[in-house]
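Any read-out appearing in this document is the output of simple, stated calculations on the displayed coordinates, not a laboratory observation. All figures in this text were calculated on a predicted structure; none of them were measured in a lab. So basically every Cβ, Gly included, is an ideal-geometry build from the backbone, and we count neighbours across all protein chains shown.
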Amino acid sequence: MAFTKLLAGVYCADHRVAEGKNGVIFGNARALVIDVGTDPQEGSELATFVQQAGFAPSRVVLTHGHSDHVLGGAAFEGAEVFASSLIHDHMRQHLRRFAERKGLHYAELLAQALKPTITFNDELTIDLGGKVVRLFPAPGHSPDGICAYLEQDRLLFASDTVVTGIVPAINDGDSAVLENSLTKIRRMEIEILVPGHGSVLYGSAAIQEWLTWEIAYLSSIRSAIAEVLAEKPSADDEMIALAAPFQRLIGGRFPKDRHNMDSRHRATVLKIAAEERVHQGIVAISEGQE
Ligand SMILES: [Zn+2]
């Protein structure tokens with residue numbers, strides 16, 4: 001696992017899913033790990049990094065319950081684990097679907113996942129001694145999403161609420177809710193933004209530009225789909241996909257073949273279509289999608 005120093009005492013650590021990023025923050029008194037990676041090996045590398053700096057790996061934030069953020073839990077047994085109070089249900093739902101998709105055993109995955117010990121609804125502040133981390137809800141990618149903000153350094157660990165290596169992903173969340181979270185983050189004066197997947201963004205201008213693009217991407221897809229469904233409520237997924245083509249929505253921002261971007265874009269489009277069919281009363285309940 002490669003560790004990159006962002007500021008004195010603040011690091012990000014790459015995990016292997018689509019340029020994934022974990023975080024490590026060292027205060028004077030304590031260390032905090034943000035997400036534990038995709039498997040026990042990655043979790044153990046994070047814990048070792050903390051120990052080598054002279055700290056106990058005894059505090060962790062889980063930004064949400066998705067597999068690539070929680071499955072490196074073994075090395076953090078006994079730690080205080082902070083997360084949204086919504087994580088319990090969503091971690092289980094997600095891991096069940098993940099297990100089905102990958103042909104794995106749900107019970108084994110759930111046992112491997114780090115479990116929260118301290119959950120919150122609104123905000124939570126963690127004082128590491130000289131570094132204060134504010135956790136706040138940022139749902140949309142998933143309902144249990146939170147971000148970790150180092151206000152004094154204007155550095156945000158955004159997790160999958162903001163992604164720079166892949167197109168915005170909604171998974172078990174909601175695109176309009178994600179847009180709200182992105183808008184809220186755009187109002188903060190962030191100087192360094194660590195996304196859940198992709199390269200770190202530096203400087204408020206670059207951060208504003210990226211967030212503005214992500215918001216426009218989601219709303220452009222939604223209006224293209226709304227138009228199709230208004231004209232033809234029975235439009236199927238193929239018609240929907242044609243109305244929101246990769247080239248028009250994404251242009252040169254991402255190569256089509258990187259991280260299966262084409263199918264990631266399609267997944268986001270079809271998720272927004274499912275939401276839109278509910279909003280327009282075409283179907284009663286969103287089927288959602290993984
Ligand atoms: Zn996720």
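Net charge within 13 Å of Asp174 by Cβ-Cβ distance, Lys/Arg positive one each and Asp/Glu negative one each, not counting Asp174 itself?
Surrounding charge for Asp174 is -3.
What FRET efficiency do you get for Leu242 and Ala176 if R0 is 22 Å and r is their Cβ-Cβ distance, rounded to the nearest 0.05?
After rounding to 0.05, the efficiency reads 0.45.
Let a ≥ b ≥ c be the square roots of the eigenvalues of the Cα gyration tensor of the range 59-165; is it rounded (a/c under 1.5), or, if not, prolate (a/b larger than b/c) or oblate?
In terms of gyration-tensor shape, prolate.
Once each part is reduced to its C-alpha centroid, what is the distance from the range 186-228 to the range 72-107 in angstrom?
The two parts, judged by their Cα centres, are 27 Å apart.
Can you give the net charge of the other residues whose Cβ lies under 13 Å from the Cβ of Ala29, counting K and R as +1 and D and E as -1?
Taking every Cβ under 13 Å from that of Ala29, the sum is +2.
For the range 215-279, what is the largest minus smallest coordinate of the Cα atoms on each principal axis, given in angstrom and ordered from greatest to least?
33, 20, 16
Charges at C-beta only: +1 for Lys and Arg, -1 for Asp and Glu. How large is the resulting dipole of the chain about its Cα centre, in Debye rounded to 20?
Its charge dipole is roughly 340 debye.
Separation of the range 24-45 and the range 151-180 by C-alpha centroid, Å?
Using only Cα atoms, the two centres lie 20 Å from each other.
How big is the chain on each of its three principal axes, counting only the C-alpha atoms and giving the largest first in Å?
62, 45, 35
Under the rule of -39500 (n - 2.57) per DSSP H run of 4 or more residues, summed and divided by the residues of the chain, what mean residue ellipticity at 222 nm is obtained, to the nearest 500 deg cm²/dmol?
It comes out at -12000 deg cm²/dmol, rounded to the nearest 500.
Are there trypsin sites (Lys or Arg not before Pro) in the range 189-290 that DSSP puts in a loop and that have at most 10 other Cβ atoms within 10 Å, and which ones?
Here no loop site has a sparse enough neighbourhood.
Name the lysines eligible as straight-distance cross-link partners of Lys131: C-alpha to C-alpha under 17 Å, and not fewer than 8 places from it in the same chain.
Correct list for Lys131: Lys5.
Taking the Cα atoms only, what angle lies between the long axis of helix 40-52 and the longest principal axis of the chain, rounded to 10 degrees?
40 degrees
Round to the nearest 10 and give me the degree value, 0 to 90, for the angle of helix 204-231's Cα axis relative to the longest principal axis of the chain.
Helix 204-231 sits roughly 30 degrees off the main axis of the chain.
Compute the angle between helix 175-187 and the longest alpha-carbon principal axis of the chain, please, reported from 0 to 90 degrees and rounded to the nearest 10.
That helix lies at roughly 50 degrees to the long axis.
Roughly what % of DSSP beta bridges within the range 114-194 run antiparallel, to the nearest 5?
Given both bridge residues lie in the range 114-194, the antiparallel proportion sits at roughly 80 percent.
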